[in-house]
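Report on one structure; see the data block that follows.
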Amino acid sequence: MPEPTPRPVPRPSAGRPTLEAIALRAAVSLSTVSKVLNGRPGVSAATRSRVEQLLHDSGYARRGHDPERGGLLELVVADLTSEWSIEIIRGVERVTREAGLVLGLSALDDHLRPGADWIAGVLGRKPVAVVLQFSDLTATHRRQLRTRNIPFVVVDPAGDPPGDVPAIGATNWAGGVAATRHLLELGHRRIAVLSGPADLMCSRARVAGYQSALQEAGVGFDAAIAASGEFTRAAGEREGRRLFARNDRPTGFVCGNDLQALGVMDAAFALGLDVPRDVSVVGFDDVAPALWARPPLTTVRQPLQEMAEEAARLALRLRADDVENTRLELATSLVVRSSTAAPR
């Protein structure tokens, strides 16, 4: 059956089209438009998409106070158990507490993109705003949130998000430079790099910083001592063992995060190597286990709590249209501890 021909949407004097006008143009009932607007089931995918687009294009969603909206700010994290996520939760929770809001949590279980179940749930919960950690929203999800006037902000986006997606990140490239310069200044020249997944923007930026620092120092990049893997301790140990088995093993490691760095240290200890006497290790993030490690881990501090706070505040400002800049990178900084020293 062919799609109905759209009709012009009559606008009331106030400027915003009524739901009745949108229903008329979409050739559906008012109840169908209501179901789409409130994220309820019982609407075909084609009809839902058509109504979503009309709601979005006609400017039905408007900013300002919605008396039917509850006091919930929703946070989407990759994994509720990770130290990275815990820091993000702490930052967002501080802002919601100050604003008198309730914090709602959703976990993606290590996926980078929320699925259909999540978007249906969040549309039904009608939060005042959404903060997403490390997530990649589809164009449909973005339109659905905007149509219902639910502002969203991404913390440390997985890729390079479209220009209209608000995002808070960190200076990953500068962090990679700082970590590598530290080892170079100590006298290391055989420096391995262990990055996170290659499809993540933060991983690529940190490796690019490492390469830039090597080039600046006149040290050639050796792909044989460059590796990538998951941001896990197991990945760090696996790649550490592999690189330590080389005759020309590295004397220093720049790692994609603290967990990878701790895994490299595990591999060193298992092979009878001393940190930092035989090998120096630098992490990234500065989560709590970095300080608890023995020896304590030299790392690049990523201001995770501050990033989360800025993301939550930006989301709330977007609700009030009080925003000039929707992209922000917070500075990373090198934290020198006992896992690095001059090579023997």
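The residue that is surrounded by the most Cβ atoms within 10 Å (Cβ to Cβ), counting only those in segment 182-191 that are touching a residue at least 12 places away in the same chain (Cβ under 8 Å) and over 14 Å from Phe284 (Cβ atoms), is Ile191.
When the criteria are applied in full, Asp285 fails the requirement of being in the same structural domain as Ser195 (by TED's automatic domain parsing) and surrounded by fewer than 20 Cβ atoms within 10 Å (Cβ to Cβ). I need every pair where a residue in segment 333-344 that is under 15 Å from Arg181 (Cβ atoms) has its Cβ under 6 Å from the Cβ of a residue that is of a type in the set (D, E, K, R) and part of a loop (DSSP other than H, G, I, E, B), sequence separation at least 6 or different chains. Close Cβ pairs satisfying both conditions: Val335/Asp286. Of the residues making up segment 284-298, those that are in contact with a Ser or Thr (Cβ under 8 Å, 6 or more places away or on another chain), among the aliphatic types (A, V, I, L, M) and in a loop (DSSP other than H, G, I, E, B) are Ala293, Leu297. Taking every residue in segment 74-89 that is within 17 Å of Ala312 (Cα to Cα) and pairing it with any residue that is of a type in the set (Lys, Arg), at least 6 positions away or on another chain, the pairs with Cβ-Cβ distances below 7 Å are Glu74/Arg125. The numbered conditions (1) over 30 Å from Ala217 (Cβ atoms); (2) in a loop (DSSP other than H, G, I, E, B) are all true for Thr140 except (2).
Yes or no, residue by residue, for (1) crowded, with 17+ Cβ neighbours inside 10 Å; (2) modelled with pLDDT under 95; (3) closer than 18 Å to Gly283 by Cβ; (4) out of contact with any His (no Cβ under 7 Å at 6 or more places or on another chain):
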{"site": "Val207", "(1), (2), (3), (4)": "yes, no, yes, yes"}
{"site": "Tyr210", "(1), (2), (3), (4)": "yes, no, yes, yes"}
{"site": "Glu216", "(1), (2), (3), (4)": "no, no, no, yes"}
{"site": "Phe221", "(1), (2), (3), (4)": "no, no, no, yes"}
{"site": "Gly236", "(1), (2), (3), (4)": "yes, no, yes, yes"}
{"site": "Gly240", "(1), (2), (3), (4)": "yes, no, yes, yes"}
{"site": "Phe244", "(1), (2), (3), (4)": "yes, no, yes, yes"}
{"site": "Gly252", "(1), (2), (3), (4)": "yes, no, yes, no"}
{"site": "Asn257", "(1), (2), (3), (4)": "yes, no, yes, yes"}
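Could you please find all residues in segment 262-283 being in a loop (DSSP other than H, G, I, E, B) and over 15 Å from Arg344 (Cβ atoms)? Listed by number, the list holds a single entry, Leu271.
A quick yes/no check of all residues on (1) surrounded by fewer than 20 Cβ atoms within 10 Å (Cβ to Cβ); (2) at pLDDT below 85; (3) touching a strand residue (DSSP E or B) at 6+ places or on another chain (Cβ under 6 Å):
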residue: Ile119; (1), (2), (3): yes, yes, no
residue: Gly124; (1), (2), (3): yes, yes, no
residue: Ala129; (1), (2), (3): no, no, yes
residue: Leu132; (1), (2), (3): no, no, yes
residue: Thr140; (1), (2), (3): yes, no, no
residue: Val154; (1), (2), (3): no, no, yes
residue: Gly159; (1), (2), (3): yes, yes, no
residue: Ala174; (1), (2), (3): yes, no, no
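Is it the case that Ala261 is touching a Phe, Trp or Tyr at 6+ places or on another chain (Cβ under 9 Å), in contact (Cβ under 8 Å) with a residue 40 or more places away in the chain and over 22 Å from His182 (Cα atoms)? So Ala261 does not fit the description; no. Of the residues Ala312, Ala331, Ala320, the single one that is of a type in the set (A, V, I, L, M) and buried (at least 21 other Cβ atoms within 10 Å of the Cβ) is Ala312.
The values are calculated or read from the model by the stated rules, or taken from the named source; none is laboratory data. The structure presented is a predicted model; accordingly, all values stated were derived computationally and were not measured. With ideal geometry, Cβ positions are generated from the backbone for all residues, glycine too; neighbour counts draw on all protein chains shown.
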